[in-house]
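Only one structure is covered here, and it is reproduced in the block below.
The values are calculated or read from the model by the stated rules, or taken from the named source; none is laboratory data. Just so you know, these numbers come straight off a predicted model, no measurement behind them. Here the Cβ positions follow ideal geometry from the backbone for every residue, glycine too, while neighbour counts run over all protein chains shown. SASA here: full protein model, heavy atoms, side chains in, ligands and nucleic acids out. Shrake-Rupley method; radii C 1.70, N 1.55, O 1.52, S 1.80 Å.
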Amino acid sequence: MEQLRKIYELDKPLHEQYWSWLKRIVWLDFGRSFAPHGRPVIHMIRERLPITLALNVVEMLIIVAMAVPVGVTSATRQYSTFDKATTVFVFVGFATPDFWLAVMLQILFGVHLGWLPISGLRLPVWEYLPFWQQQWDFASHLLLPITVATFGGLAGFSRYMRQSMLEVIRQDYVQSARAKGLPESVVIGKHALRNAMLPIVTVLGLSVPGLIGGSVIVETIFAIPGMGQLMVQAVYERDYPVIMANLVIVASVTLVANLIADLSYSLIDPRIRVSRRGRR
Amino acid sequence: MRWRIPRRPVAAVAFLALAAAGCSGDADSAVDGATPPVNATAAYGDTFIDSLLGNISSLIPTITGDGPSHTVGDQIYSGLVTFDKDLNPVGELAQSWEFSRDCRDLTFRLRPGVKWHDGRPFTADDVVFTWQTIVDPKTPSPYKSEYALVESVRAEGADVVRVHYSQPFAKALTNWGTWMLPRHLLETYVREGRIREAPQNWTAPVGTGPYRFKELRSGEKIVLVSNPDYWEGRPYISRIVYRIIPSQATTFLELKAKGVDATALTALQYSRQTDYRAFQRAYTKFRHPGNGYTYLGFNLKDSRFADRRVRQAFAYAINKREVIEGVRLGLAREATGPYKPGTWVYTDKVKTYPFDMEKARRLLAEAGWKERNADGLLIKDGKPFTFELLTNQGNDERKKIAEIVQAQLRELGVGVEIRVLEWAAFLKEYIKKRNFEAIVLGWGIGIDPDQYVIWHSSQTGPDQLNHISYVNPEVDRLLEAGRTTCAREDRVKYYHRLQETLAEDLPLVFLYFADVLPVVSSRVYGIDAGPNGIRYRSNRWFVPQALQRYTAG
């Protein structure tokens, strides 16, 4: 016991412990795992982080690429059939638990139709496939997890987009843009959309921890060796160095995402760009 | 070994499942489907895709305690002895062994010509080293206590190992089934207390087992390839891939889609969800008793349960068949005592308690529980017979058992309150403090029949395992005798007597040994199931040429 206390510096005062921990974090030294393999935690994370990040980035792109047009269309054609249909879709999307959807898709596409692999990242005999088949195999393994992870987010974001757009198109400057005689596509696509995007970017930045949290479920069901799976196992095994490192990484990723969100305001909102040029 | 067990037609399955639940020790066998007629000659090749529910935690199983690490480790490493399908010890790296008359010296003669995966010869020095590694205080091994009675391990020449015990120790042989470690690769790491940092622990394990390590992708898969220098000859199946799939539901879907070749089924999957033709053609289902039994236990410090007649009455009042049907869908064997049916130590010539309410009532009346109160509960000295039955959260089977017990004892006039508790709190606040009246729990059993720590009267302390506080001088004597002799015939006598005594005295109501339900692709031949499971001699499994699925590599 005494020895352990020495090794983990638990005999020192709290602020010193915290300081030495911080110092090591800067060098990405998270210590070694408590598991019998005792590997450096950073090695474990290096194996796992890329796939989780890649999945989340792709998910995010798909969500934005689909939610924005859907939201805009249902706002500009409020109460149209399209709007009503998406409303129904959104409620279904909100109400569907993703673990259930995952299993249903696995049964349909994996077992009954046999079109897509059920879980994992690659076929067990992946090494022996020709190059293009390898790429297709990898992509097809990711299809279902991405669909599941995108589904719920898509529903939410298209709703935010619709709401935010509805507010913007009632503003006076949109009216005046129309009055200027600009075509509707320019009014919506250029003048209205930019302002309507602002709150969306904020929400998008804030939703990163949620997406990573969602990876825990998706990665467990689809047997994807990512951060979520690592985190779950570490919690079950009380592997504190791994848990700590995971939390630090997720926190950093969230901060970075928020930074990106803040920076992208200036791309969207001209007023923010103006203020950057300096005060008048 | 090479021929698969003759299969029974599908219609027989349901019958067999029912029958097996009742009569103990019956044949463990593959029970479904018809095999396509194939020329079943052994052939080399193919890849076997196995599934693991969790990541392995190390590639040196000696320092791990988790199932996945042992499953993989068992293929890479081997021990001096192993256990056949009926759990009898047989030679693996040891050709033969011998106990001295006083059981304190155990001499192994090693198999000549065995090689490590890197080509170096395996010698008696490696055996000594393996022991030194385990008992070294710097090695984080959970198996140290197993070797506490070993006084010395000496190599005599290259192929004789002599182990000396400080006192006779019956479990001695079992412990030498441990995974042998290579001295030439690990010695410096072990001496410096850095065994976890050795390359053998994660990237390059070297053993003497039937398969060699090829690749590990953390959280994804582990690949092993057959060892051409294995002492019994190259294994037929060329490659084993362990896929890591953390969700049992996903594993089952993968099985249906032929993404994996083997897994263990749940009782529900076994009896309800795999009963269609396509599945039966593609897979062979097995069942064998698992390494543990479930029981209804009492706090014997409680004066009501200290009376043997009360315990016996409960045993008569609980319909074990109904429990097994309701909880395990019939996929379990009635337990008559703490030993697994079908093993050398087991006997069924003990007192049994077939369901009989009348007998139960009579026994309770003899014990003084005659009158009933307005609620229909039995009373003695003005107090009604009610107690609290505890079990742990997260185990549905145990909760269901508690409910069945509750219903059946209620009929007898005994009130049962069920409480389901979180596992850690259950152990700490209730079991360790002996703060319970009755429990539904399970005991895992090891390969050796020694159960000293569970039944001996010296083991009733707060951190010890005799938490029901069972004290019986006859049982103490038998346990002591059984663990200090190494002659199998004597041990059989002691343990048969132990089972008779336990069945008569009934410190707890033995309920059932749940069946383990492995399923393996039907293209794999040569599987022989028994109380030890299906994996014994999996190096002799093969896929006939015409049925091989993965030919690449």
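Do the conditions hold for B:SER166, that is, is it among the small types (Gly, Ala, Ser) and within 23 Å of B:ASP50 (Cβ to Cβ)? Show your work before the answer.
Values: among the small types (Gly, Ala, Ser): yes; within 23 Å of B:ASP50 (Cβ to Cβ): no.
It is false that B:SER166 is among the small types (Gly, Ala, Ser) and within 23 Å of B:ASP50 (Cβ to Cβ).
For segment B:325-341, enumerate the residues that are of a type in the set (Val, Ile, Thr) and outside any loop (DSSP other than H, G, I, E, B). Reasoning before the result, please.
As a first pass, look at segment B:325-341 and keep what is of a type in the set (Val, Ile, Thr): B:327, B:336.
The one that is of a type in the set (Val, Ile, Thr) and outside any loop (DSSP other than H, G, I, E, B): B:VAL327.
Go through segment B:141-166 and give me each residue that's open to solvent by 20 Å² or more (accessible area, probe 1.4 Å) and touching a Lys or Arg at 6+ places or on another chain (Cβ under 7 Å).
Residues of segment B:141-166 that are open to solvent by 20 Å² or more (accessible area, probe 1.4 Å), as a first pass: B:142-146, B:148-149, B:151-152, B:154-159, B:162, B:164, B:166.
Matches in segment B:141-166: B:ARG154, B:GLU156, B:ASP159, B:ARG162, B:HIS164.
Can you tell me which of A:VAL187, A:VAL253, A:VAL174, A:VAL242 is within 14 Å of another protein chain (Cβ to nearest Cβ) and either touching a residue at least 24 places away in the same chain (Cβ under 8 Å) or in a helix (DSSP H, G or I) (or both)?
Numbers: A:VAL187 fails: within 14 Å of another protein chain (Cβ to nearest Cβ); A:VAL253 fails: within 14 Å of another protein chain (Cβ to nearest Cβ); A:VAL174 fails: within 14 Å of another protein chain (Cβ to nearest Cβ).
Unique residue meeting the criteria: A:VAL242.
Taking A:VAL103 as meeting all but one of (1) facing chain B (nearest Cβ under 10 Å); (2) open to solvent by 50 Å² or more (accessible area, probe 1.4 Å); (3) touching a residue at least 40 places away in the same chain (Cβ under 8 Å), write down the number of the exception.
(2)
Which one of A:GLY213, A:GLY228 is surrounded by fewer than 18 Cβ atoms within 10 Å (Cβ to Cβ) and closer than 27 Å to A:PHE151 by Cβ?
Details: A:GLY228 fails: surrounded by fewer than 18 Cβ atoms within 10 Å (Cβ to Cβ).
The match here is A:GLY213.
Does B:TRP176 satisfy the criteria of being touching a Gly at 6+ places or on another chain (Cβ under 9 Å), closer than 29 Å to B:GLU480 by Cα and more than 14 Å from chain A (Cβ to nearest Cβ)?
Numbers: touching a Gly at 6+ places or on another chain (Cβ under 9 Å): yes; closer than 29 Å to B:GLU480 by Cα: yes; more than 14 Å from chain A (Cβ to nearest Cβ): yes.
Answer is yes for this residue.
Among residues belonging to segment B:231-268 that are more than 10 Å from chain A (Cβ to nearest Cβ) and more than 24 Å from the chain's Cα centre (by Cα), point out the one that is most open to solvent (accessible area, probe 1.4 Å).
B:ARG234
Please find, among B:GLY54, B:GLY73, B:GLY67, the residue that is within 12 Å of chain A (Cβ to nearest Cβ), surrounded by fewer than 19 Cβ atoms within 10 Å (Cβ to Cβ) and not charged (D, E, K, R).
Numbers: B:GLY73 fails: surrounded by fewer than 19 Cβ atoms within 10 Å (Cβ to Cβ); B:GLY67 fails: within 12 Å of chain A (Cβ to nearest Cβ).
Unique residue meeting the criteria: B:GLY54.
Is there a residue being more than 25 Å from the chain's Cα centre (by Cα), within 26 Å of B:ASN55 (Cβ to Cβ) and either without any contact (Cβ under 8 Å) to a residue 24 or more places away in the chain or part of a helix (DSSP H, G or I) (or both) anywhere in segment A:70-86?
Checked segment A:70-86: no residue is more than 25 Å from the chain's Cα centre (by Cα), within 26 Å of B:ASN55 (Cβ to Cβ) and either without any contact (Cβ under 8 Å) to a residue 24 or more places away in the chain or part of a helix (DSSP H, G or I) (or both).
Starting from segment B:125-137, keep only residues that are free of Cβ contacts under 8 Å to residues at least 24 places away in the same chain, then list their pairs with residues that are surrounded by 18 or more Cβ atoms within 10 Å (Cβ to Cβ) and among the small types (Gly, Ala, Ser) whose Cβ atoms are within a distance under 9 Å, requiring at least 6 positions of separation or different chains.
B:VAL135/B:SER141
For segment B:82-115, enumerate the residues that are part of a strand (DSSP E or B), in contact (Cβ under 8 Å) with a residue 24 or more places away in the chain and either among the acidic types (Asp, Glu) or touching an Asp or Glu at 6+ places or on another chain (Cβ under 6 Å) (or both). Quick ask: steps written out before the conclusion?
Of all residues in segment B:82-115, those part of a strand (DSSP E or B) come to B:82-83, B:89-91, B:94-99, B:105-110, B:115.
Then keep just the ones that are in contact (Cβ under 8 Å) with a residue 24 or more places away in the chain; that gives B:82-83, B:89, B:94, B:97, B:99, B:105-110, B:115.
Listed by number, the residues that qualify are B:THR82, B:ASP105, B:THR107, B:LEU110, B:LYS115.
Go through (1) over 27 Å from the mean Cα position of the chain (by Cα); (2) open to solvent by 10 Å² or more (accessible area, probe 1.4 Å); (3) in contact (Cβ under 8 Å) with a residue 24 or more places away in the chain; (4) over 24 Å from A:ALA102 (Cβ atoms) one by one and return the number of the condition B:SER303 breaks.
The one condition B:SER303 does not meet is (3).
Do you know which of the residues in segment A:114-135 that are within 24 Å of A:ILE217 (Cα to Cα) and more than 9 Å from every other protein chain (Cβ to nearest Cβ) is surrounded by the most Cβ atoms within 10 Å (Cβ to Cβ)? Full working, then the answer.
Of the residues in segment A:114-135, the ones within 24 Å of A:ILE217 (Cα to Cα) are A:114-124.
Next, from what is left, pick out any that are more than 9 Å from every other protein chain (Cβ to nearest Cβ): A:115-116.
Details: A:TRP115: 10, A:LEU116: 17.
Checking each candidate, the answer is A:LEU116.
Would you point out the residue of segment B:125-162, among those that are of a type in the set (Gly, Ala, Ser) and at pLDDT 90 or above, that is nearest to B:TRP97 (Cα to Cα)? Reasoning before the result, please.
Going residue by residue through segment B:125-162, those that are of a type in the set (Gly, Ala, Ser) are B:141, B:145, B:148, B:152, B:155, B:157-158.
From what's left, at pLDDT 90 or above: B:152, B:155.
Details: B:SER152: 16, B:ALA155: 14 Å.
The qualifying residue nearest to B:TRP97 (Cα to Cα) is B:ALA155.
Among the numbered criteria (1) open to solvent by 50 Å² or more (accessible area, probe 1.4 Å); (2) part of a helix (DSSP H, G or I); (3) more than 19 Å from B:THR294 (Cα to Cα), which single criterion is violated by B:ALA407?
With (1) open to solvent by 50 Å² or more (accessible area, probe 1.4 Å); (2) part of a helix (DSSP H, G or I); (3) more than 19 Å from B:THR294 (Cα to Cα) applied to B:ALA407, the lone miss is (3).
In segment B:211-230, which residue that is among the small types (Gly, Ala, Ser) and within 7 Å of chain A (Cβ to nearest Cβ) is farthest from B:TYR270 (Cα to Cα)? Lay out the reasoning, then the answer.
Just the residues of segment B:211-230 that are among the small types (Gly, Ala, Ser), to begin with: B:218-219, B:226.
Adding the requirement that they be within 7 Å of chain A (Cβ to nearest Cβ) leaves B:218-219.
Values: B:SER218: 30, B:GLY219: 27 Å.
So the residue we want is B:SER218.
When B:ARG362 is evaluated against the numbered criteria (1) touching a residue at least 60 places away in the same chain (Cβ under 8 Å); (2) open to solvent by 90 Å² or more (accessible area, probe 1.4 Å), which criterion, by number, is the only one it fails?
Against the list (1) touching a residue at least 60 places away in the same chain (Cβ under 8 Å); (2) open to solvent by 90 Å² or more (accessible area, probe 1.4 Å), B:ARG362 comes up short only on (1).
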